[in-house]
Amino acid sequence: MSEFGERFSEALARLPDYLGQHVIVSVTALALGLAISLPLAVVATRHARLRWPLLAFASIIQTIPGLALLALFYPLLLGISALTEAAFGTGFSALGFLPSVLALTLYSMLPVLRNTITGIEGIDPAVKAASLGVGMTPRQSLFIVELPLALPVIMAGIRTAAVWVIGTATLSTPVGQTSLGNYIFAGLQTQNWVSVLFGCVAAALLAIVVDQLLALMESGIALRRRVRTAVGALGILLVLAAALVPGWSRPTAAYVVGAKTFTEQYILASLMQQRLQANGLSAARRDGLGSTVIFNALASGDIDVYVDYSGTIWANHMRRTDAQPREVVLEEMGAWLKKERGIALLGPLGFENAYALAMRRDRAEQLGIRTIADLVRHAPQLAIGGDYEFFDRPEWAALRDAYGLNFRRQRQMDSTFMYSAVANGEVDVISAFSSDGRIARFDLVTLTDPKQALPPYDAVLLLAPRRADDKALRDALMPLVGKIDVELMRETNLRADRDEDKETPAQAARWLWKQIGAQ
Amino acid sequence: MSAAPPVIEFNNIIKRFGAGRPGESGVLALDRISLSVPVGEFLVVVGPSGSGKTTLLRLINRLSEPSEGHVLFEGEDVRALDPILLRRRIGYVFQGVGLFPHMTVAENVAITPRLLGWPKDKRETRVDTLLELVRLSPADYRNRLPRELSGGERQRVGVARAIAAEPHVVLMDEPFGALDPLTRDAVGQDYRRLHDKLGLTTVMITHDMLEAVLLADRIAVMHQGLIIEEGTPHELMSAARTDYVRDLMQMPRTQAARLKGLMEGGAP
């Protein structure tokens, strides 16, 4: 089979799961959005004073980028969950479904509100006067005259909302809701363009089909063709059934493995899932989670296991700014996780994925730069590229202050494109990840850190509090602890990141297990 | 006039618009109007736009409320009556017709009976009777939508809708204003016959004096919120007290004379 065919059939195999989840979250949000917006819009036509604040609120929501809106709901719900936990003894999962549905519900409101208000206000005043004059109550006037007459405009709003929600639902992946966005986020990270396109096309097709079915219903109602309305409604039900039925027959997994948004994480999550399955344990995945989201998801038990890095926890969660040797960090971190969050540290995998400043070998040699200290003199003439979070992270502040680094220019870019950017000379230095396979491929050198300003970043296996003493889980994953050195991880990462003979994360994970077993 | 109490009675009605805010007295739309309409009368209220005639009509079925004074309907103060039930007891023919565009002719006609909870078969029979009354063949017209009707047909349906629930009183707000002269005359004459046949009491508003003279039992002339004169067409034609009404009543006669002259002059 061709490489394209292989990736395509791999994507196709995930479709029932991704599409089903996508449809569930979109339909729930849309239904909730309609249930809220339609009555609100009707009330706004009766009380003109409410109109402006309502539309202004919905418009403001619309200007918030979808990703940000979704991300905002996660900490909010986490806080509420903690409150209900304290008050009633039961919390709820703040990950995935709930934040996605709530954010998408807000997103669906503007077109429905605006079109319903416009539709009702646009009715011929003579007709409205007649509805009162023949003796209708305001309620009868609404249901017998105003809503039926405004229906085409309202339906247009509902169609717009449906298309928006289905499109924006792809962004619910980073808050832990599986959707068609999983294709896009995973594909972007592993440069699997077939996956990215597959996700985009699937979401677009779903939106178009739903839009056209709603249009069919609308014209059926307007032209009083019952058959046409029924066909449209039946089509919507069929889409729902087709998307949902495969999901019902799937057994729910005993364990959930989490992954952040980059190649190494997808590979390691695949590896853990394969190990669990090899040990007869069922395992599901939550991929593409944000760095803070995944940690909180583990602490609250929404996921059972994932790989994090000691420096991340040191700086972001323990709020430590001091630099300590590798062993000290591991030890203190383990104790802190247990005490503060109940999270168990199963052990380090054996490699570090640390921030490291990297340059093209020829450029470094030409300028005579081997350490970060050597860089300081040249920095004012050089441009540095970093991923989206690097320049906001405490590591960058520590590095900058320890050495007095001052670059001519800072550029933020997607970590996927960082390596080719430095290789092409678009930037001179990047904040590379030390285990990334592209360091070897693009012939980059990482600069040593004599002042030890950057904390160590040991990859560590973390278990959720309720899994801390789970023997089956520990036994399945223990063989990975201490078995993956940085060269092996780089090579594995490269297998999934390279352009030629690209492997899927699952294939790369199987290759990695073979190497561990051969040791 | 008969000894029976008037169907509609206005007592010292004042209506202001835009009042209420401190320091604003508002626009005086009706200035101490007193008027009564006996059973079976066809009253036409004539006046230029802005004279207050539509406001006066809307007070009867409580689409509007007076600032001061009382409106009595069949002897009861309308303020004591539920406005929804009151409107279902009174037929109303709207300016610009106001048929519901998404409903068929039959559904439009049957709307008030439907609101009153008449059973379906009784409504169906009633629709056919009404369409016959307004000279539209039920078989041809029942299932048409308003947009498939001519202006005259629409207003006939509007009349049928107004009298569907067998009201004793029909209010008409410039009902034939938008029709061409031929249709207008035909629909007007047909309605006058219905009025007599069904024993209705009708209050109609128009700015067309000729229409008023041809249809009315009695005419009330309004000007700037006041009823400046009232009487039978004959009384007003022969003995108007004010210059304004005299000029107004002169119009049909002048037109008729001009027409006659034209006919004679044009004859061989």
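Within the range A:171-195, work out how many residues are open to solvent by less than 20 Å² (accessible area, probe 1.4 Å) and either without any contact (Cβ under 8 Å) to a residue 60 or more places away in the chain or in a helix (DSSP H, G or I) (or both).
8
Among (1) more than 26 Å from the chain's Cα centre (by Cα); (2) surrounded by fewer than 20 Cβ atoms within 10 Å (Cβ to Cβ), where does A:Ser37 come up short?
A:Ser37 satisfies all of (1) more than 26 Å from the chain's Cα centre (by Cα); (2) surrounded by fewer than 20 Cβ atoms within 10 Å (Cβ to Cβ) except (2).
So for the range B:91-110 (the condition being away from chain A (no Cβ under 14 Å) and assigned to a loop (DSSP other than H, G, I, E, B)), does at least one residue qualify?
There is no residue in the range B:91-110 that is away from chain A (no Cβ under 14 Å) and assigned to a loop (DSSP other than H, G, I, E, B).
I need the strands (runs of 3 or more DSSP E) fully contained in the range A:353-467, keeping only those with at least 1 residues that are open to solvent by 30 Å² or more (accessible area, probe 1.4 Å), in the same structural domain as A:Met318 (by TED's automatic domain parsing) and small (Gly, Ala, Ser).
So the answer is none; nothing clears 1.
With respect to B:Glu166, is the statement that it is at pLDDT 90 or above and open to solvent by 10 Å² or more (accessible area, probe 1.4 Å) true?
yes
Tell me, yes or no, whether the range B:49-64 has at least one residue that is touching a residue at least 24 places away in the same chain (Cβ under 8 Å), away from every other protein chain (no Cβ under 14 Å) and not in a loop (DSSP other than H, G, I, E, B).
yes
Which of the residues spanning the range B:210-245 are farther than 24 Å from B:Leu30 by Cα and either touching a residue at least 24 places away in the same chain (Cβ under 8 Å) or crowded, with 22+ Cβ neighbours inside 10 Å (or both)? I'd like the intermediate steps shown before the answer.
Of the residues in the range B:210-245, the ones farther than 24 Å from B:Leu30 by Cα are B:210, B:214-215, B:234-235, B:237-239.
If the condition is that a residue be farther than 24 Å from B:Leu30 by Cα and either touching a residue at least 24 places away in the same chain (Cβ under 8 Å) or crowded, with 22+ Cβ neighbours inside 10 Å (or both), then B:Leu210, B:Leu214, B:Leu215, B:Met237 are the ones that fit.
Name the residue, out of A:Pro65, A:Pro99, A:Pro53, A:Pro75, that is closer than 16 Å to A:Gly33 by Cβ and in the same structural domain as A:Gln177 (by TED's automatic domain parsing).
A:Pro99
Against the condition at pLDDT below 90 and within 27 Å of the chain's Cα centre (by Cα), how does A:Gln452 come out, does it pass?
No.
Could you tell me which numbered condition A:Ala82 fails, if it satisfies all but one of (1) surrounded by fewer than 18 Cβ atoms within 10 Å (Cβ to Cβ); (2) modelled with pLDDT of 85 or more?
Against the list (1) surrounded by fewer than 18 Cβ atoms within 10 Å (Cβ to Cβ); (2) modelled with pLDDT of 85 or more, A:Ala82 comes up short only on (2).
Tally the residues that are in a strand (DSSP E or B) and of a type in the set (Asp, Glu), restricting the search to the range B:211-250. Can you show your working first?
Here is the first cut: in the range B:211-250, the residues in a strand (DSSP E or B) are B:218-223, B:226-231.
If we keep only those that are of a type in the set (Asp, Glu) as well, we get B:229-230.
The qualifying residues number 2.
For the range B:79-90, which positions are more than 14 Å from chain A (Cβ to nearest Cβ) and either in contact with a helix residue (DSSP H, G or I) (Cβ under 9 Å, 6 or more places away or on another chain) or surrounded by 17 or more Cβ atoms within 10 Å (Cβ to Cβ) (or both)?
Those that are more than 14 Å from chain A (Cβ to nearest Cβ) and either in contact with a helix residue (DSSP H, G or I) (Cβ under 9 Å, 6 or more places away or on another chain) or surrounded by 17 or more Cβ atoms within 10 Å (Cβ to Cβ) (or both): none in the range B:79-90.
Looking for whichever is closer than 30 Å to B:Val93 by Cβ and exposed (fewer than 14 other Cβ atoms within 10 Å of the Cβ) here; the options are A:Phe88, A:Phe143. Which one fits? First the steps, then the outcome.
Numbers: A:Phe88 fails: closer than 30 Å to B:Val93 by Cβ.
Of A:Phe88, A:Phe143, the one residue that is closer than 30 Å to B:Val93 by Cβ and exposed (fewer than 14 other Cβ atoms within 10 Å of the Cβ) is A:Phe143.
Is one or more of the residues making up the range B:183-194 more than 27 Å from B:Thr129 (Cβ to Cβ) and either in a strand (DSSP E or B) or without any contact (Cβ under 8 Å) to a residue 12 or more places away in the chain (or both)?
No, that holds for no residue.
Could you count how many residues in the range B:142-163 are open to solvent by less than 30 Å² (accessible area, probe 1.4 Å) and more than 11 Å from chain A (Cβ to nearest Cβ)?
7
Give just the number: which of (1) open to solvent by less than 10 Å² (accessible area, probe 1.4 Å); (2) at pLDDT below 90; (3) charged (D, E, K, R) does B:Arg135 not satisfy?
With (1) open to solvent by less than 10 Å² (accessible area, probe 1.4 Å); (2) at pLDDT below 90; (3) charged (D, E, K, R) applied to B:Arg135, the lone miss is (1).
The values are calculated or read from the model by the stated rules, or taken from the named source; none is laboratory data. Remember, predicted model here, so these are calculated numbers, not experimental data. FYI the Cβ positions are ideal-geometry reconstructions off the backbone, even for glycines, and counts take in every protein chain you see. Just so you know, the surface numbers come from the protein's heavy atoms only, side chains and all, with ligands and any DNA or RNA stripped out. Shrake-Rupley method; radii C 1.70, N 1.55, O 1.52, S 1.80 Å.
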